[in-house]
């Protein structure tokens with residue numbers, strides 16, 4: 001048994017240690033700029049900034065689902081807002097407190113990470129109280145397992161993407177609710193307490209409405225009740241009935257969002273809601289790629305080298321590919337070894353720890369990395385919640401070695417120190433967009449997106465020549481519409497409309513894409529500078545058809561139509577816009593001007 005005196009000081013000492021480490025790790029990162037998806041989902045997202053939109057979820061669900069597309073934003077913004085309302089509510093509070101200052105956003109992320117480390121400690125403590133985890137070489141080492149689990153979780157460099165990368169609060173906050181749900185469920189079982197059981201259900205709902213990964217919490221809580229505490233399955237199902245009832249919530253919410261946006265209720269439309277298109281071949285290839293991705297996550301947890309915010313992962317296209325069946329075989333072998341160790345009395349504790357770690361990892365990583373296709377095959381933040389099981393498993397394995405507790409403690413501190421040093425170096429990469437994307441380009445040279453983002457970082461820093469050279473390099477890697485659209489925009493900024501026109505025209509050869517509207521706008525802008533009114537009208541008209549509510553496009557199109565003396569269409573375009581934006585003074589003034597021009601034009605044409 002663990003000495004009572006030691007147990008009393010565990011939490012305060014761990015909190016103090018984590019607090020000091022947190023200051024050392026994160027104090028200098030709080031003012032790092034927002035990067036990558038922070039710009040899309042926070043800086044350029046007006047939806048979460050208005051509290052009325054949260055209330056509108058219950059009153060005008062379909063309108064909220066289409067709000068992003070209506071405003072010319074990526075449709076995924078509305079999907080994210082509806083699927084993760086609790087996450088965006090915390091972002092709303094941050095915005096209300098200090099606008100888009102990254103300091104407050106990151107401070108909240110760090111505090112959530114700190115709380116998660118303490119919850120990992122508590123979860124490990126509860127698991128050790130299960131009757132099947134009692135045989136350990138040195139009883140004093142029991143105290144080290146929870147503390148070491150929380151410490152490793154807190155300082156590991158793989159966790160940094162979920163802390164420093166602001167938009168990934170969804171991951172860390174979901175983990176907080178997920179851990180709370182499992183812990184409260186175990187407490188409810190031990191105490192036969194309705195209060196704890198209610199808290200576990202509320203925590204599950206919190207996890208689900210923070211990120212989709214929360215969907216597996218009810219299943220995992222029940223399975224751990226059986227596997228760790230030896231509860232009969234029927235009894236475990238009954239005790240977890242309140243959690244299991246929550247399972248249909250997320251699928252129903254996904255179906256509702258899909259129907260509101262596309263009018264489709266089919267399984268294909270729901271599964272492909274994240275990618276935005278129904279592509280059965282990609283869905284299959286995504287699923288076949290995931291076993292190798294699971295192994296990659298496990299490798300990074302053990303040896304966190306070549307960390308990368310945008311890793312280059314080639315799709316597995318056939319089940320005969322060695323990466324699929326070889327990875328699946330490795331995973332099955334790990335599970336088989338764990339089961340064999342569990343069956344032997346001498347290694348029972350080691351086997352149970354390994355089985356627990358693999359079970360936790362598999363169930364928590366599966367929502368993002370299995371059958372539901374996502375745009376990116378792999379992302380470091382997806383290992384944040386699954387890593388909990390691996391760190392508890394690793395700590396248990398280390399503490400089960402038949403050596404004195406002092407030696408175990410020293411080994412744990414050395415390991416934590418190594419991770420801490422790697423984390424300090426990893427944090428520095430996030431200090432600027434240039435440094436971050438330079439790092440990604442070095443590690444993913446064959447992927448066009450890092451080069452596009454590095455070029456954008458150069459542009460934001462005023463380094464236009466470096467920006468153009470990097471955009472051109474991205475085209476050499478893979479020609480994409482965003483590259484040509486950005487080259488057109490960059491040359492418009494440099495007052496080189498002919499060059500901008502050429503790049504935009506080249507980009508037309510690579511349509512369709514999700515960035516066609518941006519390309520059309522820059523093509524039209526280049527035509528306006530060159531006074532080529534007819535192609536400008538055609539480009540703006542096509543861009544406006546994609547998002548009829550965009551006021552700026554209506555004004556641009558109207559200007560070009562006036563230059564071609566097409567006054568009838570000018571008035572039609574502007575009056576349609578006024579019906580969509582009845583309070584717009586710009587449209588009202590433009591209509592008055594157009595009517596005067598129309599009247600003068602008709603007078604000139606009259607005999």
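What's the number of the only condition in (1) within 25 Å of the chain's Cα centre (by Cα); (2) assigned to a loop (DSSP other than H, G, I, E, B) that residue 319 fails to meet?
Unmet condition: (1).
Scan the helices (runs of 4 or more DSSP H) fully inside the stretch 134-245 and keep the ones with 1 or more residues being within 30 Å of residue 54 (Cα to Cα) and touching a residue at least 12 places away in the same chain (Cβ under 8 Å).
The qualifying helices (runs of 4 or more DSSP H) are 161-164, 169-191, 194-208, 217-227, 241-244.
Is it true that residue 431 is under 21 Å from the mean Cα position of the chain (by Cα), surrounded by fewer than 19 Cβ atoms within 10 Å (Cβ to Cβ) and either in a loop (DSSP other than H, G, I, E, B) or in contact (Cβ under 8 Å) with a residue 12 or more places away in the chain (or both)?
Values: under 21 Å from the mean Cα position of the chain (by Cα): yes; surrounded by fewer than 19 Cβ atoms within 10 Å (Cβ to Cβ): yes; either in a loop (DSSP other than H, G, I, E, B) or in contact (Cβ under 8 Å) with a residue 12 or more places away in the chain (or both): yes.
For residue 431, the condition - under 21 Å from the mean Cα position of the chain (by Cα), surrounded by fewer than 19 Cβ atoms within 10 Å (Cβ to Cβ) and either in a loop (DSSP other than H, G, I, E, B) or in contact (Cβ under 8 Å) with a residue 12 or more places away in the chain (or both) - is met.
I'd like to know if the stretch 412-427 contains one or more residues that are closer than 30 Å to residue 543 by Cβ and within 29 Å of the chain's Cα centre (by Cα).
Quick first cut of the stretch 412-427, residues closer than 30 Å to residue 543 by Cβ only: none.
Among the residues of the stretch 412-427, not one is closer than 30 Å to residue 543 by Cβ and within 29 Å of the chain's Cα centre (by Cα), which makes the answer no.
Out of all the residues in the stretch 339-353, which are farther than 14 Å from residue 389 by Cα and assigned to a helix (DSSP H, G or I)? Lay out the reasoning, then the answer.
Our first condition is that a residue be farther than 14 Å from residue 389 by Cα; within the stretch 339-353, this holds for 339-349.
Of everything in the stretch 339-353, those that are farther than 14 Å from residue 389 by Cα and assigned to a helix (DSSP H, G or I) turn out to be 339, 340, 341, 342, 343, 345, 346, 347, 348, 349.
Can you find a residue that is modelled with pLDDT of 95 or more, in a helix (DSSP H, G or I) and out of contact with any helix residue (DSSP H, G or I) (no Cβ under 7 Å at 6 or more places or on another chain) anywhere in the stretch 106-118?
Scanning the stretch 106-118, I find at least one residue that is modelled with pLDDT of 95 or more, in a helix (DSSP H, G or I) and out of contact with any helix residue (DSSP H, G or I) (no Cβ under 7 Å at 6 or more places or on another chain), so the answer is yes.
When you go through 127, 133 one by one, which is the residue that is more than 20 Å from the chain's Cα centre (by Cα), modelled with pLDDT under 95, crowded, with 21+ Cβ neighbours inside 10 Å and farther than 27 Å from residue 84 by Cα? Before you say what the answer is, go through the steps one by one.
Values: 133 fails: crowded, with 21+ Cβ neighbours inside 10 Å.
Just one listed residue meets the conditions, 127.
Going through 261, 285 one at a time, which residue ends up being modelled with pLDDT of 90 or more, at negative phi and crowded, with 18+ Cβ neighbours inside 10 Å? Walk me through it before giving the result.
On the way: 261 fails: modelled with pLDDT of 90 or more.
Answer to the selection: 285.
Which of (1) more than 26 Å from the chain's Cα centre (by Cα); (2) surrounded by fewer than 22 Cβ atoms within 10 Å (Cβ to Cβ); (3) outside any loop (DSSP other than H, G, I, E, B) is the odd one out, the single condition residue 394 does not satisfy?
Among (1) more than 26 Å from the chain's Cα centre (by Cα); (2) surrounded by fewer than 22 Cβ atoms within 10 Å (Cβ to Cβ); (3) outside any loop (DSSP other than H, G, I, E, B), residue 394 violates only (2).
The values are calculated or read from the model by the stated rules, or taken from the named source; none is laboratory data. If you're wondering where the values come from, they're calculated on a predicted model, not measured in any experiment. Note: ideal-geometry Cβ built from the backbone for every residue, glycine included; neighbour counts use all protein chains shown.
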